[in-house]
Amino acid sequence: MSSSSAADLTPNANQKIVQYLNNALAMENASEERIQSRLQETIVDDTRIQLRNHLDETRNQKDRLKQIITSHGGKPTDAKAELPNLKPNTIDLVRDDVTSSSTAKSANNGGSADLQQNSSVRSIVKETDNVRLAAERELIQTERDAMIENAEIVKYKILMEIAKRVGAMDAIPVIDQNLKEEAQMADWIIANTPNMLRRLWAQIEVSAGARSIPEA
């Protein structure tokens, strides 16, 4: 297979491949930032090790993309794409459920009961945050990790087809290497999920239902 360069492409084709390569770079810019945040927040050692390795991979992916973009006469972007997210956040739903229960009860009681109820809710939410929600947040963030990795896989597969269509054959090795690394990360997340859940479940279960909003 010949390795076509920017000089072999029509101006429109070259502009298009640069555009899509920069789209991938914007995604990796955002991913790098998120992985750094996850490294600070995760409570699972195995996840921290894997994220640290994937952070190195992500930085290498960015470097490869920048090089191929530059070789095609483009300017690598500093923009950060909007990564997939869970809406609404499950943690917020837990808080909303507690708060909604309090509001409904307060509507049927006097001012002192309302004050007592609100105070109780704040106490419960704080306790839950400290004990149970840390583990549940890890599960939610792991779900998002998987969503992002699979979104990256799809993006690189589409980018691969675009590169072939416009004849940017020199970009294919870069796209293929990035794609393989994202697929490996996605596979690791799925394979590690049962072990992670075993570690977190004790923290989730120990306080689940242990407290209820007191009756006025």
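Laboratory data are not the source of any read-out in this text; all were calculated from the coordinates shown. Given the structure is predicted, the values throughout are model-derived calculations rather than measurements. Methodologically, a virtual Cβ is constructed for each residue, glycine included, from the backbone with ideal geometry; neighbour enumeration extends over all protein chains shown.
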**OP:** Could you check the simple spin-label distance between ALA191 and ARG48, using points 7 Å along Cα→Cβ, in nm with one decimal?
**Re:** 2.2 nm
Subject >> ASP8 versus LEU39: modelled label distance in nm, points set 7 Å from Cα along the beta carbon direction >> reply: 3.8 nm
Original post:
Within a Cβ distance under 13 Å of ASN60, other residues only, what is the Lys/Arg minus Asp/Glu net charge?
Top reply: -2
Subject >> Charge sum, other residues only, whose C-beta stays under 13 Å from ARG48's C-beta, Lys/Arg counted +1 and Asp/Glu -1 >> reply: -2
Subject >> At R0 = 30 Å, FRET efficiency that the Cβ-Cβ distance of GLU205 and ARG59 yields, to 0.05 >> reply: 0.20
Subject >> Order of THR10, THR193, THR58 under a 10 Å beta carbon neighbour criterion, fewest first >> reply: THR10, THR193, THR58
